[in-house]
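K.L.:
Take this structure first; my questions come after.
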Amino acid sequence: MTSASGEAGDASEWLALLEGGDVEVEGRMPWSSNATLLVTVRLAGRETRAVYKPGAGEQPLWDFPDGLFRREVAAYELSVATGLDVVPETVLRAEAPYGVGSLQRFVDADFSEHYFTLLDEARHGEALRRVAGFDLLVNNADRKGGHVLLGSDGHIWGIDNGLCFHPAPKLRTVMWDFAGEEVPRAVLEACEAVVREVPPRLEPLLASEEVDGLVRRAVDLLETPRFPEPDLDGRPYPWPLV
């Protein structure tokens, strides 16, 4: 574990800090339609920055039910349970300054980098395809370029996963460059794991129809294991793109 600006520490340490630490709000994150707060979390002499999304700060959406913060946590739990490791440590916090919400470890990253710049470097290809495959599984409706971060440790993360798990097709992403390619084996193994058994920690976080939709997408990916083409008659891209 390091100071608030570092990346060292394993998942169990981060989770213990996020779950049990005192939360101090530093300010609101820019360019967010819902309340998205930068906080410092402290516990027993350790601290880290984190992103806090209280349920009370969500704006109503016509196409998504409330509880986006629960889907943030569900995305992390699925990422961990399947071994894809694309979502930073995220927990559900009932005791926080503005009530129940999600708390996610802040990724120390170069924020001039994003999906479109990372795509230019071949060494990131496998990790980017893993994020894109994860998004197919969770039905991500808002994968902007700026939601793909290169951590200071070299790991690529996908953040801002609240608009996921809708039972109806909602995929909106900038990551269409892999269309027609085979989905990575790691993603297919994640699909196989979901079909065998939905990770139990997802069930308190998602509605039954969202769980059913997850399983259905896993089956579909196993039957057609290629990245899809964008449906230009629909809304395949988020806005803004970055």
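K.L.:
Being at pLDDT below 95 and among the basic types (Lys, Arg) narrows it down to one of Arg235, Arg201, so name that one.
P.N.:
On the way: Arg201 fails: at pLDDT below 95.
Answer to the selection: Arg235.
K.L.:
Also: I want to confirm something. Restricting to the stretch 124-172 and keeping residues that are charged (D, E, K, R) and either closer than 20 Å to Trp62 by Cβ or modelled with pLDDT under 95 (or both), which single residue is surrounded by the most Cβ atoms within 10 Å (Cβ to Cβ)? Steps first, please.
P.N.:
So the first thing to find is which residues in the stretch 124-172 are charged (D, E, K, R), and the list is 126, 129-130, 135, 142-144, 153, 160, 170, 172.
The next check asks that each one be either closer than 20 Å to Trp62 by Cβ or modelled with pLDDT under 95 (or both); those that pass are 142-144, 153, 160, 170, 172.
Values: Asp142: 19, Arg143: 26, Lys144: 22, Asp153: 11, Asp160: 24, Lys170: 18, Arg172: 19.
Top of the filtered list is Arg143.
K.L.:
Can you tell me which residues in the stretch 46-102 are within 18 Å of Leu214 (Cα to Cα), part of a helix (DSSP H, G or I) and not acidic (Asp, Glu)?
P.N.:
Leu68, Phe69, Arg70, Arg71, Val73, Ala74, Ala75, Tyr76, Leu78, Ser79, Val80, Ala81
K.L.:
Given (1) touching a Phe, Trp or Tyr at 6+ places or on another chain (Cβ under 7 Å); (2) more than 23 Å from Ala207 (Cα to Cα), where does Leu84 come up short, assuming only one miss?
P.N.:
Checking Leu84 against (1) touching a Phe, Trp or Tyr at 6+ places or on another chain (Cβ under 7 Å); (2) more than 23 Å from Ala207 (Cα to Cα), the one that fails is (2).
K.L.:
While we're looking at this one, here's another question. Go through Val87, Val100 for me and flag whichever is surrounded by 13 or more Cβ atoms within 10 Å (Cβ to Cβ), of a type in the set (A, V, I, L, M, F, W, C), touching a Gly at 6+ places or on another chain (Cβ under 8 Å) and more than 22 Å from Ile156 (Cα to Cα). Even if it seems obvious, please write down each step before you answer.
P.N.:
Details: Val87 fails: more than 22 Å from Ile156 (Cα to Cα).
Step by step, each of Val87, Val100 is checked, and only Val100 is surrounded by 13 or more Cβ atoms within 10 Å (Cβ to Cβ), of a type in the set (A, V, I, L, M, F, W, C), touching a Gly at 6+ places or on another chain (Cβ under 8 Å) and more than 22 Å from Ile156 (Cα to Cα).
K.L.:
Could you tell me which residue of the stretch 26-42 is surrounded by the fewest Cβ atoms within 10 Å (Cβ to Cβ), considering only residues that are at pLDDT below 95 and touching a helix residue (DSSP H, G or I) at 6+ places or on another chain (Cβ under 6 Å)?
P.N.:
Within the stretch 26-42, the match that is surrounded by the fewest Cβ atoms within 10 Å (Cβ to Cβ) is Asn34.
K.L.:
Name the residue that is farthest from the chain's Cα centre (by Cα), counting only residues in the stretch 169-220 that are within 21 Å of Asp142 (Cα to Cα) and among the basic types (Lys, Arg).
P.N.:
Top of the filtered list is Arg216.
K.L.:
While we're here: In this structure, does Phe69 turn out to be surrounded by fewer than 17 Cβ atoms within 10 Å (Cβ to Cβ), in contact with a Gly (Cβ under 7 Å, 6 or more places away or on another chain) and closer than 29 Å to Asp220 by Cβ? Walk me through it before giving the result.
P.N.:
Values: surrounded by fewer than 17 Cβ atoms within 10 Å (Cβ to Cβ): no; in contact with a Gly (Cβ under 7 Å, 6 or more places away or on another chain): yes; closer than 29 Å to Asp220 by Cβ: yes.
It is false that Phe69 is surrounded by fewer than 17 Cβ atoms within 10 Å (Cβ to Cβ), in contact with a Gly (Cβ under 7 Å, 6 or more places away or on another chain) and closer than 29 Å to Asp220 by Cβ.
The values are calculated or read from the model by the stated rules, or taken from the named source; none is laboratory data. Not measured: the values here are computed from a predicted model. Every residue, glycine among them, receives a Cβ derived from its backbone with ideal geometry; neighbour counts consider all protein chains shown.
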